Amino acid sequence: MDPLKLAQLMCSRLCHDLITPVGAISTGLEIIGESGDDIDPELLSLTSHSAQNASQRLVYYRAAFGYSTSSILNCPEKLEKLLYEYLETYKTKLHWHCDVSEEKLNILQDHARLLVNVVGIMVECAPYGGNFKISIEPSPERESLRFSFELTGDLVALKTENKRALLGELSDKEVTPHSVQSYLTHLLLDEKQAELSFTSLSSSALGVCLEAEQSGGQHYGSLF
């Protein structure tokens, strides 16, 4: 079995097994809050918020790293909802613009997991939260889509090992838990024959651009 497929299947299993009990915790806390019992409201709020964050992150991990998912990524509206809720856990506001015709919707679907992983890498570069602009539009130069990502905030920083991994300069022996998502993203870039470039890289802004066409290469799992 392909090692990447094995890792994706393991991630899918972990997320599947964890998301149900985490969801049950969130539901139980809501019931406790509505019951009117004498419970410290600040403690209840903190616990509920943490459970909700855990649930949202599990949904994201399943989409980004799993071998297969439900239809959560098969349309722009569901994709926007997934990213909005995930970015909320990082105190980051999503600004979404998607101008994709029916004829090019298959390109967006084909690159949805790549898009989700780029967002996951970038949002961790803003430790104090910020604003995340995502724009998806037809490329003026060719029959493809252009994905533009812009993250702004305080002390924005992309680790060198992540930048090297995204650009394909990090060997598999150098991969660490901090750079593994960037390494996976580079594999997806190769698989989808997409091009990544940095449009800005400073202490207050990080910009990334993707050019994506309909790919016809090997597929590491299925999104839909």
| field | Given (1) out of contact with any strand residue (DSSP E or B) (no Cβ under 9 Å at 6 or more places or on another chain); (2) assigned to a helix (DSSP H, G or I); (3) free of Cβ contacts under 8 Å to residues at least 40 places away in the same chain; (4) closer than 20 Å to E211 by Cα, index of the condition L82 fails | value | (4)
| Residue ID - nearest to N162 (Cα to Cα), chosen from residues in the stretch 99-124 that are at pLDDT 95 or above and open to solvent by 10 Å² or more (accessible area, probe 1.4 Å) | I121
| Test for L44: is it in contact with a Gly (Cβ under 7 Å, 6 or more places away or on another chain) and surrounded by 15 or more Cβ atoms within 10 Å (Cβ to Cβ) | yes
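Hey, among D154, D172, which residue is open to solvent by 50 Å² or more (accessible area, probe 1.4 Å) and within 23 Å of Y84 (Cα to Cα)?
Working: D172 fails: within 23 Å of Y84 (Cα to Cα).
Sole residue among the options that is open to solvent by 50 Å² or more (accessible area, probe 1.4 Å) and within 23 Å of Y84 (Cα to Cα): D154.
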| query | Has the stretch 69-76 got at least one residue that is part of a strand (DSSP E or B), surrounded by fewer than 17 Cβ atoms within 10 Å (Cβ to Cβ) and either at positive phi or in contact (Cβ under 8 Å) with a residue 24 or more places away in the chain (or both)? | reply | no
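The values are calculated or read from the model by the stated rules, or taken from the named source; none is laboratory data. All of these numbers come straight from a predicted model, not from anything done at the bench. Backbone-built Cβ (ideal geometry, glycine too); neighbour counts: all protein chains shown. Note: accessible area is taken over every heavy atom of the protein model, side chains too, but ligands, DNA and RNA are not part of it. Shrake-Rupley method; radii C 1.70, N 1.55, O 1.52, S 1.80 Å.
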